[in-house]
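This report concerns only the one structure given below.
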Amino acid sequence: MVSLRFPFSFPQPPKPPRRTFLRPSYAAAVAAGGAAAAVGFVAAARNSTNPQTPFLECALNLLFSSHSSPLWASLSLAENSAASSVVDSKTGFSFPSVIGDSQQLLGIGLRRKAILGLKNINVYAFGVYADNDDIKESLSEKYGKLTVTELQEKDFDKDVMECDICMTVRLQIVYGKLSIRSVRSAFEESVGNRLQKFGGSDNKELLDKFTSQFKDEYKIPRGSVIDLSKERGHVLRTIIDGKEVGSIQSQLLCRAILDLYIGEDPFDKQAKEDVRQALTSILQK
């Protein structure tokens with residue numbers, strides 16, 4: 001597994017208070033539909049880590065809420081997407097259910113870093129988004145009738161990363177002392193390894209073009225947001241706290257970025273499984 005390495009040690013930051021899911025009106029549950037209730041119950045098993053919020057209560061919150069995690073495609077959020085969000089129970093950070101009007105949240109994960117093999121720090125939380133229509137258009141014919149188990153035996157993950165599907169990985173910085181230089185160095189290693197894996201060794205210019213976007217002038221305190229958005233035509237657009245810092249047209253680079261989160265050796269294996277199950281739900285609608 002490719003690790004996110006930093007050239008120095010980090011002290012363990014204080015843990016943020018854990019938060020539970022909010023309860024919207026019961027009308028939202030009707031709009032969500034029965035399928036959303038089913039996947040919400042599964043998500044509760046993962047996200048209910050607060051001892052004061054037992055599993056059943058957390059599951060019921062999700063059954064009757066538009067705040068389920070992940071918000072899979074079975075949820076209808078067209079009318080109330082602006083107010084919908086998912087809270088990551090491990091960090092307390094909130095992810096919008098929909099970004100860019102059409103990309104829905106598929107799953108949430110956490111990038112952690114071991115310090116001297118003794119303890120882990122939470123570096124950043126991330127959410128994976130995708131456009132439902134793009135998914136159906138690109139993948140329904142080949143995968144629409146397969147189960148999650150069957151998808152694991154196919155080239156599904158590879159096709160998701162290589163097809164011309166609009167997707168975004170949103171990073172939210174958890175560790176407050178993280179520097180942009182550390183982020184740049186980490187991407188040089190992790191993305192560089194993926195570029196070599198998928199495209200051979202002659203990709204230094206492409207890697208430098210990507211990592212040079214993370215200039216020292218950018219500050220990324222706790223709560224900062226970095227969007228890595230794959231747009232039509234395999235264009236990777238990088239946005240830091242709402243400011244676009246660059247775009248690169250490269251199918252290879254887009255795949256290398258996505259592979260960090262939903263590839264063969266992802267940063268968070270459970271997040272990858274959540275995303276795969278969410279995509280299955282979309283394709284079977």
24 Å tail of the calculated P(r), region 91-284, as % of Cα pairs: 37 percent
Probe 1.4 Å, protein heavy atoms only - accessible area per residue of region 185-238 in square angstrom: 49 Å²
Integer Hz, Karplus 6.51/-1.76/1.60 couplings in order for region 119-135, x for Gly and Pro: 8, 10, 10, 7, 7, 7, 8, 9, x, 10, 10, 8, 7, 4, 4, 5, 4
With every protein chain in place, region 91-284: carbon and sulfur % of accessible area (1.4 Å): 44 percent
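Given the pairs Lys119/Lys272; Lys177/Lys197; Lys136/Lys219; Lys136/Lys209; Lys197/Lys243, which span a C-alpha to C-alpha distance of over 29 angstrom in this model?
Distance filter (> 29 Å) returns Lys177/Lys197; Lys136/Lys219; Lys136/Lys209; Lys197/Lys243.
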Amide H partners (placed H, <5 Å) of Gly246, local residues excluded: Thr238
Integer Hz, Karplus 6.51/-1.76/1.60 couplings in order for region 268-284, x for Gly and Pro: 9, 5, 5, 4, 4, 5, 4, 5, 4, 5, 5, 5, 4, 4, 4, 5, 8
Long-range HN-HN contacts of Cys166 with modeled amide H, under 5 Å: Asp131
Ser138, Ser85, ranked by accessible area, largest first (probe 1.4 Å): Ser138, Ser85
Between region 115-150 and region 220-239, the Cα center-to-center distance that results, in Å: 16 Å
Candidate residues Tyr218, Tyr261: accessible-area rank, largest first, probe 1.4 Å: Tyr218, Tyr261
Label-to-label distance, nm, for residues given as Gln270 and Asn120 (7 Å Cα→Cβ offset): 0.9 nm
Amide H contacts of Phe95 (H built 1.01 Å from N, under 5 Å, at least 5 apart or other chain): Val86, Val87, Asp88
Estimated inter-spin distance, Glu205 and Val148, nm [label 7 Å along Cα→Cβ]: 4.4 nm
Karplus (6.51, -1.76, 1.60) ³J(HN,Hα), θ = phi - 60°, over region 107-113, in Hz, Gly and Pro reported as x: x, 10, x, 9, 8, 10, 10
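The values are calculated or read from the model by the stated rules, or taken from the named source; none is laboratory data. Treat the numbers as computed from the prediction; the structure is a model and nothing was measured. Every residue, glycine among them, receives a Cβ derived from its backbone with ideal geometry; neighbour counts consider all protein chains shown. To get the accessible areas, we keep the full protein, side chains included, count just its heavy atoms, and leave off ligands, DNA and RNA. Shrake-Rupley method; radii C 1.70, N 1.55, O 1.52, S 1.80 Å.
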